[in-house]
Amino acid sequence: MKSARLNRLFGVSGNCFDVAIDHGMFNERTFLAGIENMKTAIEVIAQAAPDAIQLPPGTAPLLQAIPGKQRPALVLRTDIANIYGNPLPSQLFSEMIDRAVEQGVALDAACVVVNLLMLPDQPEVYRACVRNVNSLKRECEIYGMPLMVEPLVMQDNSKGAYMVDGAIDKILPLVRQAAELGADIIKADPCDNVEEYHRVVEIAQGLPVLVRGGGRVSDQEILIRTKQLMEQGARGIVYGRNVIQHNNPGGMTRALMAIVHDKASVEQASLHVG
């Protein structure tokens, strides 16, 4: 059944665009812009027909309640972390939801996703993430559920919240560890020099690499970056804020789908946004 679920996740092109709308799981007010009304946000994105939508267990039923056969596949967020606040809490954690894979099966998910976080001077958070991945792996094999691991190298932001660290020499070993722990799909950050991203793809040992979008940037920047990443061998993208906080989230979804699946140019893709 794992291969059947992967077929639901990846398009006929062999690539995938997963729209992340799981930000409410992290208890950070700034993440809620554009998704205050989850039912509306999910319906708008679903109508634009990405391959998947990434949701927590509490709002996943809103996607699965959409009638018909054509709705996007569900990627189920399985963990909660408190690393994005400003200021940061005095104690950081990464906790997994109860019986995550069973919840995924009950919700008809095509995949489950979990973090593998590397934060400065926070070995206990990293250790908790390794435990989470390990516990999910065996359950995923039993139930035939694909496992997406999100190896994220973070840097300590002086403003009080962790930010992405794009240093490729830090990204490579964490991506490789995710592969060795048994990931079926890797969701990784872009590196500082996008032209080096083929090294991330290579270190993943043949696993499909989906690139994380991160914070909100201009339309031109996100489209150009996506085109470059796909040309470097990425198998798709997992973008959230650059879609859900856009003034035309449906149009941006269609623009990115054109790049991911149809190899559209940036200029061709831009026509979908208007």
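Here are some notes:
- Residues that are under 20 Å from ALA264 (Cβ atoms) and not aliphatic (A, V, I, L, M) were ranked within the range 9-46; the one that is surrounded by the fewest Cβ atoms within 10 Å (Cβ to Cβ) is GLY14.
- Residue that is surrounded by the fewest Cβ atoms within 10 Å (Cβ to Cβ) [pool: residues in the range 69-119 that are modelled with pLDDT under 95 and closer than 30 Å to VAL12 by Cβ]: LYS69
- One residue from GLY236, GLY215, GLY251 being closer than 24 Å to GLN177 by Cβ and not hydroxyl-bearing (Ser, Thr, Tyr): GLY236
- Residues of the range 57-66 satisfying the condition of being over 17 Å from ARG8 (Cβ atoms) and either touching a residue at least 40 places away in the same chain (Cβ under 8 Å) or open to solvent by 60 Å² or more (accessible area, probe 1.4 Å) (or both): PRO57, GLY58, PRO61, LEU62, ALA65
- Pair list, Cβ under 7 Å, 6 or more apart: the range 181-210 residue more than 20 Å from PRO146 (Cα to Cα), other residue open to solvent by 70 Å² or more (accessible area, probe 1.4 Å): VAL194/GLN228
- Hits in the range 133-155 (condition: in a helix (DSSP H, G or I), open to solvent by 20 Å² or more (accessible area, probe 1.4 Å) and closer than 19 Å to VAL175 by Cβ): ASN134, LYS137
- Count of the range 209-251 residues, restricted to those that are open to solvent by 20 Å² or more (accessible area, probe 1.4 Å) and touching a Cys at 6+ places or on another chain (Cβ under 7 Å), is 1.
- Filter result (within 30 Å of GLY274 (Cβ to Cβ), over 18 Å from the mean Cα position of the chain (by Cα) and part of a helix (DSSP H, G or I)) within the range 196-225: ASP219, GLN220, GLU221, ILE224
The values are calculated or read from the model by the stated rules, or taken from the named source; none is laboratory data. This structure is a prediction, so every number in the text was calculated from the model and none was measured. Here Cβ is always computed from backbone atoms with ideal geometry, including for glycine, and neighbour counts include all displayed protein chains. The area values use the complete protein model at the heavy-atom level, side chains included, leaving out ligands, DNA and RNA. Shrake-Rupley method; radii C 1.70, N 1.55, O 1.52, S 1.80 Å.
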